[in-house]
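Some notes on the structure that comes next.
Please treat every number below as a calculation from the coordinates, not as lab data. The structure displayed is predicted, hence computed values, not measured ones. Here Cβ is always computed from backbone atoms with ideal geometry, including for glycine, and neighbour counts include all displayed protein chains.
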Protein chains: 2
Amino acid sequence: MDYAQVQKPTLILNQARCQANINRMAAKARANRVRFRPHFKTHQSAGVGEWFRAAGVDAITVSSVDMATYFAGHGWKDITLAFSLNWRQMADIDVLAQRVRLGLLFESLESAAFASERLSHPVDGWIKVDVGAHRTGIPVENTAEVIALAGALDRSGIIHLKGLLTHAGHTYHAAGRAAIAAIYRDSVEHLKTLAGRLAQAGYPGVELSVGDTPACSLVEDFLGVDEIRPGNFVFYDAMQWQIGSCREEDIALAVACPVVARHAGRREVVLYGGAIHLSKELMMMDDHPSYGLAAYPTLDGWSHFLSGAYVSSLSQEHGLVKVSQADFEQIHVGDLLMVIPVHSCLAVDCLATYLTLSGQQIDSLKSR
Amino acid sequence: MDYAQVQKPTLILNQARCQANINRMAAKARANRVRFRPHFKTHQSAGVGEWFRAAGVDAITVSSVDMATYFAGHGWKDITLAFSLNWRQMADIDVLAQRVRLGLLFESLESAAFASERLSHPVDGWIKVDVGAHRTGIPVENTAEVIALAGALDRSGIIHLKGLLTHAGHTYHAAGRAAIAAIYRDSVEHLKTLAGRLAQAGYPGVELSVGDTPACSLVEDFLGVDEIRPGNFVFYDAMQWQIGSCREEDIALAVACPVVARHAGRREVVLYGGAIHLSKELMMMDDHPSYGLAAYPTLDGWSHFLSGAYVSSLSQEHGLVKVSQADFEQIHVGDLLMVIPVHSCLAVDCLATYLTLSGQQIDSLKSR
């Protein structure tokens, strides 16, 4: 990689790693005979989307109407809008329902009624179930509530009751492979039980859709599930590496940041690269918060993580990186340092435009 | 305000409050006979910039070359780029130096030498001094280092030694007016002492430039200072309110977010409004982290903060807001809830485009 062209914080994409991540997950889905409906909120890019298409993917997940509209405009015909129904965008949602096969999430009778009255084109309806992440969705143990909602969707005439959908986001806080696998198995067991109750109530054959990157990366057997929707795995990041979802060499994204100052007493270097480039997502490393890991730029991308180095503080445009004495002596003002973001989805949303290692620019929804 | 048009997370700007904040700070600077060089990184908007111009401002501060170029294109002729010199943008910086009166920050001999060799147009050189924030700059007690740098700038022939500049960012972590005022007084005393040493060393008459919003809001007497550079005060936010820099009724910015779900058991409402709209900046409230405060939309903007309510969790697009039982019963799916961001600079960078209470759209550098 010729980094001479990089003047300011820049999203660097290792295309080979990214495509390997895509192909690995696609192969795993095929081997399990489950539908692979990747979440495109991580990359938000028509260009990266083409690599999924090349891997045989034709159904996707997004998290906003804007993203659905963007990908519909790039030829995607089967899109699940994995976000609780936003009533205020109902007109745009109905336009989407005409253009593509659209999946919508429902978690209340009132939203089901609202959509039923306003949709003029059929959609798939997924019941959003909370298996423990406690973000949103109907708690998986609330069987009666789920059955009532299934009935409302079924009677709507325009929303086809498609299945149960969950995002077990609590795997992000799990420690290690065994804990993540246990959350996954527990979630699927609960969903299967709930699907059984729905069948008894007259709604047989609902599908099960599950989604988080940790479980989809670490679990090999998706028995009983119809669809997986991981997103972050396309790039991974420092947080996924920390919880064990990926190897260091699977991480496909880094932010190249110019070094603008050095402070020997504190063994800190100051980067042009702050909260508006990396986001303020943090993770704990030992006893301190970290806003990213650091590496050197190399001819083929970037080096191994600098041992013990981490982004210790971020303001709007500045980042402080703590490094070892040996690394401190290697790093000069005017150099680039590569930051492995804590959360790639957010760094992508901040920076929007990718530069691949071969120097190609790849745009996303938010590129200007 | 007619909020019917708001369909997704939207930056709502109370223009009257914003202009009052601008006029109050401009009047304070005039009364103190100091130059008012507001930091435009908070709003990043040519439109908001015009309100400063109307208040008599003709000199500004920015934090990136992109911002400097944008505001130069909107008629600003006197711009300080308050960021450690980024060597990799030296060519663009030299172009700026031809277009406007440009101030640059220096904190090392190597950056002074680098710029001296490459600038073909004169600039003002500010020595960046660290008075305790420990982000970057030469520690204020390192007199010899500052004198050496002053000499290098002075001998460069192209960089005019203008003064000492500091950002006492540690006021953001101070508790209350007295603590903030103490940090301010201490910083200025140190800067004055340093300026005295510079005069003894043959560099008399250097200016002093100070900048943070807490001190500029709470201190009345800027004796001995030549220039103030606050930025955040243009809007303020939940963090500034918490540390006492502003009153609730001075906050000029909120993010209108659609309510998409409700969870009675947890007294939480789910917003379409997440980390990519508000940023993940957090502040501690009692014993819990908060990503924002909440208010109701009203005809004239938004209500008082909902008592005890706070944004308890953010993911990419979702926000969870904890509310009282009484408020929970008032809030319905499809409503808007107003979130007062923890850090307005970052929320502005996320959302980019403002909607004023009279329904006018105001663009910023990052508007698409």
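Tabulated data for the structure shown
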{"item": "Cβ crowding within 10 Å averaged over residues, with B:20-26, B:309-315 ranked highest first", "result": "B:309-315, B:20-26"}
{"item": "Loop sites in the stretch A:202-269: trypsin sites (Lys or Arg not before Pro), DSSP, at most 11 other Cβ within 10 Å", "result": "A:R247"}
{"item": "Total charge dipole magnitude, chain A, about the Cα centre, Cβ charges on Lys, Arg, Asp, Glu only, Debye to nearest 20", "result": "420"}
{"item": "Hz values of 3J(HN,Hα) by residue in the stretch B:330-338 - Karplus curve (6.51, -1.76, 1.60), Gly and Pro given as x", "result": "7, 9, 10, 4, x, 5, 9, 10, 9"}
{"item": "Exposed GluC sites (Glu not before Pro) absent - longest run of chain B, DSSP non-H/G/I/E/B, at most 15 other C-beta within 10 Å", "result": "B:221-368"}
{"item": "Cα gyration tensor shape for the stretch A:7-58, rounded if a/c is under 1.5, else prolate or oblate", "result": "prolate"}
{"item": "Convex hull volume per residue in cubic angstrom - Cα atoms of chain A", "result": "129"}
{"item": "Relative contact order %, the stretch A:78-175, counting alpha carbon pairs below 8 Å whose residues are six or more apart", "result": "27"}
{"item": "Long-range amide H partners of B:E207 with built H, under 5 Å", "result": "B:G163, B:L164"}
{"item": "In degrees, nearest ten, helix B:90-99 long axis to first principal axis of chain B (Cα)", "result": "90"}
{"item": "Average projection area in nm² (convex hull over Cα atoms of the stretch B:77-230, one quarter of hull surface)", "result": "8.6"}
{"item": "Shielding of B:259-269 by partner chains, average beta-carbon count, 10 Å", "result": "4"}
{"item": "Taking B:D300, B:D226 and counting other C-beta atoms within 10 Å, the order from fewest to most", "result": "B:D300, B:D226"}
{"item": "Inter-probe distance in nm under a simple model that places probes 7 Å from Cα toward Cβ, at A:R118 and B:L223", "result": "6.2"}
{"item": "Length-normalised contact order for chain A - Cα pairs under 8 Å, 6+ apart - percent", "result": "20"}
{"item": "Label-point separation, A:D58 to B:D286 (7 Å along Cα→Cβ), nm", "result": "5.4"}
{"item": "Ranked B:I251, A:I138, criterion: other C-beta atoms within 10 Å, fewest first", "result": "A:I138, B:I251"}
{"item": "Partner chain coverage, peptide B:272-281 - average Cβ within 10 angstrom", "result": "6"}
{"item": "Point-charge dipole on Cβ atoms (K/R +1, D/E -1) for the protein assembly as shown, about Cα centre, debye to 20", "result": "720"}
{"item": "Span from the the stretch B:154-225 Cα centroid across to the the stretch B:279-301 one, whole angstrom", "result": "32"}
{"item": "Nearest-ten-degree value, helix B:177-200 long axis tilted from longest Cα axis of chain B", "result": "20"}
{"item": "HN-Hα J in Hz across the stretch B:305-318 - Karplus 6.51, -1.76, 1.60, θ = phi - 60°, x for Gly and Pro", "result": "4, 5, 4, x, 8, 7, 7, 8, 7, 9, 10, 3, 10, 9"}
{"item": "Residue of chain B nearest the B-to-A rotation axis [by Cβ], rounded angstrom distance", "result": "B:K280, 2"}
{"item": "Residues A:V339, A:V255, sorted so that the one with the fewest Cβ neighbours within 10 Å comes first", "result": "A:V255, A:V339"}
{"item": "Bridge type composition, chain B - antiparallel percent by DSSP, nearest 5", "result": "50"}
{"item": "Under 5 Å, built H, 5+ apart or other chain: amide partners of A:M285", "result": "A:S290"}
{"item": "Against the rule of thumb 2.2 N^0.38 Å, how large the Cα Rg of the stretch B:181-220 comes out", "result": "1.32"}
{"item": "Amide hydrogen neighbours beyond the local backbone of B:H318, cut-off 5 Å, H modeled", "result": "B:G273, B:A275"}
{"item": "FRET efficiency for B:A264 and A:R266, using Cβ-Cβ distance with R0 set to 41 Å, rounded to 0.05", "result": "0.25"}
{"item": "Value at 222 nm in deg cm²/dmol, rounded to 500, when DSSP H runs of n ≥ 4 in chain B each add -39,500 (n - 2.57)", "result": "-10000 deg cm²/dmol"}
{"item": "Share, in percent, of DSSP beta bridges within the protein assembly as shown that are antiparallel, nearest 5", "result": "50"}
